[in-house]
Every structure is written in C-alpha cells, then in structure tokens.
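See structure below.
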Amino acid sequence: MATLLRSKLSNVATSVSNKSQAKVSGMFARMGFQAATDEEAVGFAHCDDLDMEHRQGLQMDILKAEGGEEGAEPLEGDIHYQRDGTGPPPPAAPKEAGGCSELSGQGKPKITAWEAGWNVTNAIQGMFVLGLPYAILHGGYLGLFLIIFAAVVCCYTGKILIACLYEENEDGEVVRVRDSYVDIANACCAPRFPTLGGRIVNVAQIIELVMTCILYVVVSGNLMYNSFPNLPVSQKSWSIIATAVLLPCAFLKNLKAVSKFSLLCTLAHFVINILVIAYCLSRARDWAWDKVKFYIDVKKFPISIGIIVFSYTSQIFLPSLEGNMQNPKEFHCMMNWTHIAACILKGLFALVAYLTWADETKEVITDNLPSTIRAVVNIFLVAKALLSYPLPFFAAVEVLERSLFQDGNRAFFPNCYGGDGRLKSWGLTLRCALVVFTLLMAIYVPHFALLMGLTGSLTGAGLCFLLPSLFHLKLLWRKLLWHHVFFDVAIFVIGGICSVSGFIHSLEGLIEAFRTNAED
C-alpha cells in the first residue's frame, strides 16, 4: 500500500513539474523568442521543423497533464527536439526531401506581426553589418545605392516567395498549398524531377549555414588578435582557441540552452552599433566627405556586392515565419517596415563609419576603434559570435542528417541514430569533423570580407534574388501582370550578373589567400 501511495505521489509530482515547465516554455514560444534565435536567418533554416515540433509537443504536454487519465504518464513534449533517448526516436522520413512538417493544426502557437518583424530584424540586422563600411570603401556612393537597392529587391522577392505558397482552389479561394522553400522548389521541378528543386535548395542552405559558422570563427580570431596585438598569439591561434570552446557544439541535443542567450546577444549587438555610431559622431568635424566618390574598385567592388547581399539574407525562413503569424495578411506590411528600417540603419552605419576612417577602414569596422575601447567592444562581439555559432551549426547538422541519414529509403547512409533515439558514435564523429572543418577553413582563409562576399554571391544571391523570381514566373506566370513579369526577369538577370561577378572575384581572392597562407 505504501509503495503504491509513493508511486502515485511520484507520478503527480512529475506531472506538475512537466506541466509547469511546459507552460513556461510555451509562454516564451508564444512571445516569439523560440523563433528569434539568430540574426543571420538560420533559426528557421531547416524549415522550422524542430521549433514547431517542440512547441506542438509542449501543447500536447499541457493537455495531457491537465486532461489525461489518472496515473497516466505525461507526454514528453520535445522528444523529437531532444533525441536524448527518453522517448521514441524521431520520424524516419519527412514529408519530402528536406521538406517541412505540416504547419496547419489545432493549438499551434502563433506570433504577431511585431514578433515576426523582430525575427526578420534579427536576420538582416546581425553582426555582419560590421563589414558594410568596407563595402563603401570599394564602392563609394554606388555602395550606398546598392544597400538601398538590395533592401528593395529582397523585400520584393520575400513577398513573391510567399505568393508561391498559395494557389486558388475550385471555389476561387486563395489557399496555402505549400509550407516551405523546399516545397516551392519541388513544385517547380515536378513532375519530371519532383525532388530536384528541394535538393538544390538544401545544398544552398547547407553551404550558407556552414559558411556562416566559418565566418563566426574567422571574426572571433580576427577580433581577439586585434584586441590584444601585444600578446604573442597569432590570429590562427585565436581561431583554434575559439574552436576549442565551440567543440561541445557537437554534443548538442537541442537549442533550448542556446536560445536563452539570443535576446541578450541581439540587444548587446544593438548597443555595440550605437557605441560605434556615437564614436563616429564625436569625430564629425574630421569626416572625409571628399573620399566618398562615384567610383568603384573594379577588382574588389564585386566582393562588396556579395557582402551587401549577404547582410539581407532572410528568405530561407520566411515561409515558416508567415505560416506562424496570427494574421498572415500583415506579412507584406511587416516586410515593408523591417526592410525600410534596415536600409536606413545600414546606410547610416556604413556611411558614418566610412567617413570617420575613410581609406583606413578595415574589414571589421570595430578594429578601427581606439585601443582603449576596442578590446571591450571586441570581447562582447566575440562572445556574441561564439554564442551564435551553435545555431547555424545545429541547423546544418539537422539538414545533413535528414538529407543523408534519415530520409527513409532515399537516405544515402545508414541512420546515425539508434533505435532508442541516441546518436551513434560515428554520428558524433561526423559532427566533430564539421566543427574541425570550419576551423581549417578559418585558418587557411582568414579573410572576413572575402568569405562573406563569396557566400553572398553564391547562396545569398541565389536564395534571395534568382530562385524566388524564377519560381514566381514558373508557378504563377499565367496570373502575373506585365510589370511583375518585367520585375522578375530584371531581378533574375541583374542578380545573375552580380552573383557570377562577385563569385568569380571572391573565389580568385580566396585562392590567392589560400596560396599565400599555404606558403607561410
């Protein structure tokens, strides 16, 4: 009898504990903090599968704890999210190759337009804006024009990408028939190649995520080296130290712990931007207006195009974001004010910083600050970079695992998870190898601007300019007005030219840098 009583009390205590945790986590999810975990558009990079499964699980946990039968054990709300062996393993195959889970359902947490705008702002106002003054250095006023032009184009392509999610039914009503960027790509390639488009998007997504991880390692080594130039530690050594700190990322089971720091990191970055602008304004009398001209550096300006485009990348998570909004009709308005704000802030930041240091402007603008405040600002930025690294890393791992190891009968390799949901040893080895790969790239090509320009020219232009306009023409060309067709074709052509030009020049610079480092 006593044993039975203790068992019931234990079950009740566990139920109350799980219920309270679920309510707290569900509250943060409804506030949008679960979604706003990264300012470089990687929190939704894997189509919001993890986030939605986690939040739907929390809702199930609450319902089970409140309305379940007496003595029944509560459901573990995030078994798909954690994969820690406490529940059944995750589904073996998604709906399509790399596709998203169904976004419709009852009890799904929704976010407001303001919360959605916060997510987009995190994506396009991240720490990579620190490279924009360097773009002005090689582009002058044309660089400023490109900051405005990129904002307009990315806002437009974001809207037409969402339009590709909808079609008219037999009753003439516009309904959502697709859930993700991958679904749109697959629809464009069907029926001959039903999964080709999704695989192309997944490859571009993985490249962008891994390159983002590399950029975090590069910027960490660069900032630490320039903060303490008197120490007998090279930039490569600082990168190795940063990677040693990041190695535990290979053991990540979920992003709960990391996401707790996302809001503080974003706020800290805004404070740093304000400090840089305040310092520049204090030297307004010495601004070099004569240095800003209508000229371009033919060899380096294409790299600047990639830098500017990369700072606006957010399209990959927009379908999931729009599907999570309480009122999707507010999406267009949200895109307008977020990109207008980004355009103004980025333009002012880049121009004011360049006017302050002119030809002395460095790849990472904080390296131009006086030594008295540079170390403090850079340490905060390094901390932010290290805390942000797990997000693109975890997203890249999830895409790789789903595409190569968990895609049902179409998987290329055996499942890297055991029957109990635990990660196998060789799967952990692959994760560690990915961390080491980001280190090797950061060591051999420690050039922030070149890597950022290459990524922006290759995947940024493709995901933000080329593919949305192409998909829009392919899926909705019969219903488009002539000016929409003109805009789509113009964006595709201009984006293609800029992408190819920027990619070639960035690749040439990287090859030269790689040879130089190999000789050293």
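The values are calculated or read from the model by the stated rules, or taken from the named source; none is laboratory data. Note that the coordinates shown come from a computational prediction; the quantities given were computed from them, not determined experimentally. Methodologically, a virtual Cβ is constructed for each residue, glycine included, from the backbone with ideal geometry; neighbour enumeration extends over all protein chains shown. Only protein heavy atoms, including side chains, enter the accessible area calculation; ligands, DNA and RNA are left aside. Shrake-Rupley method; radii C 1.70, N 1.55, O 1.52, S 1.80 Å.
Expressed as a whole percent, the accessible area of the range 270-389 that falls on carbon and sulfur atoms is 67 (1.4 Å probe). Remark: spin-label model distance F486-I340 equals 2.4 nm, labels positioned 7 Å along the Cα→Cβ axis. Remark: the range 115-215 carries a charge dipole of roughly 500 debye about the Cα centre, counting +1 on each Lys and Arg Cβ and -1 on each Asp and Glu Cβ.
Here is the list for the range 164-201: GluC sites (Glu not before Pro) lying in DSSP coil, each with at most 10 other C-beta atoms within 10 angstrom of its C-beta, are E170, E173.
Rounded to the nearest 0.05, what FRET efficiency is calculated for L281 and V152 with R0 set to 30 Å and r the Cβ-Cβ distance? After rounding, the FRET efficiency stands at 0.65.
Between K299 and I379, the modelled label-to-label distance comes to 3.9 nm, taking each label 7 Å out from Cα in the direction of the beta carbon. So the label point goes 7 Å from the Cα of V500 along Cα→C-beta, right? Which residues of the range 457-476 then have their backbone N under 15 Å from it? Those under the cut-off are 458, 462, 466. Structural size metrics of the range 125-222, computed from C-alpha coordinates, are Rg and Dmax of 18.6, 59 Å.
Once the other residues with Cβ under 14 Å from the Cβ of A350 are scored (Lys, Arg +1; Asp, Glu -1), what is the net sum? Provide the component values of the computation, followed by the final result.
Values: positive: K291, K346, K362; negative: E363.
Residues near A350 contribute +2 overall.
Across the range 157-200, C-alpha contacts under 8 Å between residues 6 or more apart give a mean separation that, scaled by the residue count, equals a relative contact order of 25 percent.
Using a 1.4 angstrom probe, figure out how much accessible area the range 303-394 has per residue, in square angstrom, rounded to the nearest whole. If you can, show how the numbers build up before the last one.
Working: 2820 Å² over 92 residues.
Ligands and nucleic acids excluded, the figure is 31 Å² per residue.
When Lys and Arg each count +1 and Asp and Glu each count -1, what net charge do the other residues less than 15 Å away from T243, Cβ to Cβ, add up to?
Working: positive: K236, R431; negative: none.
With Lys, Arg at +1 and Asp, Glu at -1, the net is +2.
Okay, which of the range 289-331 sit inside 15 Å, backbone N to the point 7 Å along the Cα-Cβ direction of V174? So the set is 322-323, 327-331. Proximity of backbone amide H atoms, modeled 1.01 Å from N, is registered between F228 and no other residue at under 5 Å, excluding neighbours fewer than 5 places apart on the same chain. Rounded to the nearest Hz, the phi-derived 3J(HN,Hα) couplings of the range 459-466 under the Karplus curve 6.51 cos²θ - 1.76 cosθ + 1.60 (θ = phi - 60°) are 8, x, 5, x, 6, 9, 10, 5, where x marks glycine and proline.
A simple rule links phi to the HN-Hα coupling: the Karplus curve 6.51 cos²θ - 1.76 cosθ + 1.60 with θ = phi - 60°, which for the range 372-380 gives 5, 10, 4, 4, 5, 4, 5, 5, 4 Hz, with x for Gly and Pro.
When the listed pairs K299/K346; K253/K424; K159/K479 are checked against a 20 Å cut-off, the alpha-carbon distance exceeds it for K299/K346. Amide H to amide H distances under 5 Å link M325 with I111, where only residues 5 or more positions off or on other chains count and H is placed in the peptide plane. Here's the picture: a label point sits 7 Å out from the Cα of K329 along the beta-carbon direction, and within the range 152-183 the residues with their amide nitrogen under 16 Å of it are 173-176. The 3J(HN,Hα) values that the Karplus relation (6.51, -1.76, 1.60; θ = phi - 60°) gives for the range 163-172 are, in residue order, 4, 6, 7, 10, 8, 7, 8, 5, 8, x Hz. Gly and Pro appear as x.
With the simple model of a label 7 Å out from the Cα in the direction of the Cβ, F270 to D290 spans 3.9 nm.
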